[in-house]
Each structure stands twice: as structure tokens, then as C-alpha cells.
1. Which of (1) crowded, with 23+ Cβ neighbours inside 10 Å; (2) away from the ligand (no atom under 15 Å from the Cβ) is the odd one out, the single condition Ser101 does not satisfy?
2. Among (1) assigned to a loop (DSSP other than H, G, I, E, B); (2) closer than 21 Å to Val162 by Cβ; (3) open to solvent by 10 Å² or more (accessible area, probe 1.4 Å), which single condition is Lys252 missing?
3. Of all residues being open to solvent by less than 10 Å² (accessible area, probe 1.4 Å) and aliphatic (A, V, I, L, M) in the stretch 31-49, which is farthest from the ligand (Cβ to nearest atom)? Just the residue, please.
4. Select from the stretch 254-275 the residues that are in contact with a His (Cβ under 8 Å, 6 or more places away or on another chain) and β-branched (Val, Ile, Thr) and write down the one among them that is farthest from the ligand (Cβ to nearest atom).
5. Take the residues in the stretch 50-85 that are among the hydroxyl-bearing types (Ser, Thr, Tyr) and free of Cβ contacts under 8 Å to residues at least 40 places away in the same chain, then tell me which one is farthest from the ligand (Cβ to nearest atom).
6. Out of all the residues in the stretch 214-248, which are surrounded by 15 or more Cβ atoms within 10 Å (Cβ to Cβ) and among the β-branched types (Val, Ile, Thr)?
7. State whether one or more residues within the stretch 119-126 are on the phi > 0 side of the Ramachandran plot, in contact with a Gly (Cβ under 7 Å, 6 or more places away or on another chain) and assigned by TED's automatic domain parsing to the domain that holds Ile240.
8. Can you tell me which residues in the stretch 146-167 are within 16 Å of the ligand (Cβ to nearest atom) and either open to solvent by 30 Å² or more (accessible area, probe 1.4 Å) or not assigned by TED's automatic domain parsing to the domain that holds Asp250 (or both)?
Amino acid sequence: MARKPWTAIVAGVAGLLLLSACGGGGGTGGGGALTLGFAQVGAESGWRTANTKSIQESAKAAGIELKFSDAQQKQENQIAAIRSYIQQKVKVIAFSPVVESGWDTVLKEAKTANIPVILTDRAVDSPDKSLYKTFLGSDFVAEGKKAGEWLAKEFGSAAGDVSIVELQGTTGSAPANDRKKGFADVIASNPKFKVVASQTGEFTRAKGKEVMEAFLKSQPKIDVLYAHNDDMALGAIEAIEAAGKVPGKDIKIVSVDGVRDALQALADGKINHVVECNPLLGPQLMDLVKKVAAGEQVPPRIETTETEFDQAAAKAALPQRQY
Ligand code: AHR
């Protein structure tokens with residue numbers, strides 16, 4: 001009986017020692033390395049897998065000690081991870097916010113602890129820009145516009161209405177909000193373009209397939225599928241084929257990302273156009289981490305360079321595509 005409190009004390013001291021070994025010493029980790037706490041969204045897509053690999057490999061190459069967590073597409077998990085990085089006194093925190101809203105409290109906690117934060121890939125909608133040092137990623141509105149411009153060109157001379165179904169990304173996320181807006185802004189200029197159904201497919205292949213099956217049952221006429229990412233488009237292709245239709249012909253498909261499987265589907269004629277979103281953010285992120293850790297000024301927003309693929313461009317890109 002009398003041994004219990006001692007056991008608890010020993011466990012507590014061991015826990016404290018472990019915590020200080022992980023993140024003590026002002027965020028320099030065990031061997032004096034610069035520590036970065038990175039809270040990833042999840043592993044929902046091929047894009048995300050490539051993004052995670054780029055971050056892990058670049059941290060290693062830059063000699064940065066990476067503490068990595070996967071939030072499984074849940075905001076509460078990301079907030080818990082960021083709080084744990086604050087507790088561990090990492091030098092810099094970076095994260096790709098699963099949704100745009102609801103970050104002010106935890107970002108204020110990081111600011112109070114004097115830990116700079118870098119947003120990568122996805123933005124937050126906080127009006128207080130002092131809560132983070134910079135944003136590194138894509139212009140998602142521009143990506144949606146590119147998809148809309150392709151559609152306007154492809155169906156510009158078509159007679160009659162063009163019925164479009166839309167597979168949205170994760171509800172409340174920056175890419176879902178912005179890609180929807182960019183696309184809608186472009187097609188609004190021609191009333192023959194009608195979005196007849198729009199629903200989230202959560203950026204996953206399985207959900208893209210499931211929602212497309214429902215669209216095919218509920219919609220008498222579908223001319224175009226606009227998918228906010230490639231994985232949902234690839235899932236939808238399975239649903240279209242199972243329904244006895246030909247993807248890329250009976251239903252034209254435009255999607256965003258540019259992962260290898262989608263470029264292959266484009267080369268095979270099952271997808272018609274792909275707008276690129278670059279996941280290889282690791283090297284630029286590590287440069288920024290070093291700069292903000294050294295107290296240097298960095299630009300408030302850094303956008304990645306991206307392209308678009310038609311069938312010929314996909315065929316040309318495939319042999320060197322890294323992801
Ligand atoms: O935030 C980038 C988006 O997130 C990618 O387009 C999508 O594939 C991923 O899940």
C-alpha cells in the first residue's frame with residue numbers, strides 16, 4: 001500500500017525527463033538540432049502522401065529534427081498536436097489546417113509561448129495575421145478558375161445546357177471553399193452551365209466513388225464531373241464504369257492535383273483535364289523554418305508555381321512524375 005505514491009512519483013519524474021529529452025533546451029532537441037513540430041491533415045489522398053514524404057525527406061536533408069503527427073482529418077487532433085508541440089518547446093510549428101476556421105485560441109497560445117507558426121498548403125480565415133509568420137502553398141481560387149476556363153473552352157460551342165456534378169473536398173477546408181468559388185466565378189458568365197449536384201467526397205477515393213454512384217442514380221443527365229481532387233475523380237471513374245458509361249466520353253472529367261494515377265487516367269482518355277496543385281513543399285518549408293527560427297523576416301505569402309495537363313502533357317510528364 002505504502003509503495004503506490006512512490007511509484008507515481010518515479011513515473012512522474014521519468015515522464016518529465018522524457019519530455020525534456022524530446023523538446024527541452026529551448027527547442028533544440030537532444031543533439032542541439034532545430035526542432036520543427038508539424039501537424040499534418042491526414043493521409044486522405046495521393047497528394048497528401050507525396051506532401052508528407054516531401055516534408056519528412058526535406059527535414060532530414062536540412063538537419064531539422066521533425067516531430068510529425070497525422071490528425072486523421074480531425075481539427076481536434078491537430079489542435080492537440082499543436083498544444084503538445086508548445087509543451088515540448090519546439091522551435092517552430094508548421095501545419096496544414098484541416099479546415100479554415102477555429103484556430104485563433106491555439107495560435108494565440110503558440111504566440112504567447114514565443115513559438116513562430118508557418119501555415120503550409122492550407123490557410124486559416126483568422127483576421128489576425130500576427131498569429132502566423134507566413135503561408136506557403138497554392139492559390140486554390142486560381143486552380144478552380146483554371147478548371148472553369150477549361151470547361152468554358154471545351155463546351156463553349158455546345159448547344160443546350162451543360163449539366164455539371166461537383167465533388168467537393170473536405171467541408172470547410174480552404175481548397176474546397178476556394179476551388180468551388182474559382183470554378184463558380186468563371187462558369188457564372190454563361191447560363192448554360194448548370195451545377196445540378198454538388199456534395200463533399202472528403203478528398204478520398206472511396207467517398208468520391210460513393211457520392212458519384214448517388215449522383216448517377218439521382219441525375220438524369222450528367223455531362224461533366226468537376227472533382228476538387230484527383231482521388232475523388234479516380235473513385236468516380238469506378239462508379240461511372242460500373243454504371244455502364246464511359247468516363248472521359250459520356251461524362252467529361254476535370255480534376256485538381258496531378259498525381260501519377262490521374263495523369264495515367266488522363267493519358268488513357270478517362271480524365272479530360274487536370275489542374276496541378278504542387279505537394280512538394282518540403283524544401284521551401286525547411287528554408288522558411290530556418291529563417292523564422294533565426295528571427296529573419298519572411299514574405300507573408302509564398303505561392304507555388306503550377307501548371308495544367310491535357311492528354312499530351314500528361315503523356316510527356318508521366319515518365320518523370322515523382323508521385
Ligand atoms: O490541400 C490540398 C488538397 O488536400 C489536395 O488537393 C487534396 O488532394 C488533399 O487532400
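The values are calculated or read from the model by the stated rules, or taken from the named source; none is laboratory data. This one's a predicted model, so the numbers in the text were calculated from it and none came from an experiment. Because the Cβ atoms are built from the backbone with ideal geometry, glycine has one as well, and the counts that use them run over all protein chains shown. For accessibility, only protein heavy atoms count, side chains too; no ligands or nucleic acids. Shrake-Rupley method; radii C 1.70, N 1.55, O 1.52, S 1.80 Å.
1. Status for Ser101: all satisfied but (1).
2. (1)
3. Leu36
4. Looking only at the stretch 254-275, we keep the residues that are in contact with a His (Cβ under 8 Å, 6 or more places away or on another chain), and these are 254-256, 266.
Okay, now just the ones that are also β-branched (Val, Ile, Thr), so 254, 256.
On the way: Val254: 13, Val256: 6 Å.
Of everything passing the filter in the stretch 254-275, Val254 is farthest from the ligand (Cβ to nearest atom).
5. Here is the first cut: in the stretch 50-85, the residues among the hydroxyl-bearing types (Ser, Thr, Tyr) are 52, 54, 58, 69, 84-85.
Going one step further and asking which of them are free of Cβ contacts under 8 Å to residues at least 40 places away in the same chain, we end up with 52, 69.
Numbers: Thr52: 11, Ser69: 16 Å.
The qualifying residue farthest from the ligand (Cβ to nearest atom) is Ser69.
6. Ile222, Val224, Ile237, Ile240
7. The initial filter retains those residues of the stretch 119-126 that are on the phi > 0 side of the Ramachandran plot, namely 121.
This time we only want the ones that are in contact with a Gly (Cβ under 7 Å, 6 or more places away or on another chain), so: 121.
Among the residues that remain, those that are also assigned by TED's automatic domain parsing to the domain that holds Ile240 are: none.
Within the stretch 119-126 (the criterion being on the phi > 0 side of the Ramachandran plot, in contact with a Gly (Cβ under 7 Å, 6 or more places away or on another chain) and assigned by TED's automatic domain parsing to the domain that holds Ile240), the answer is no, since none of the residues qualifies.
8. Of everything in the stretch 146-167, just one residue is within 16 Å of the ligand (Cβ to nearest atom) and either open to solvent by 30 Å² or more (accessible area, probe 1.4 Å) or not assigned by TED's automatic domain parsing to the domain that holds Asp250 (or both), namely Lys146.
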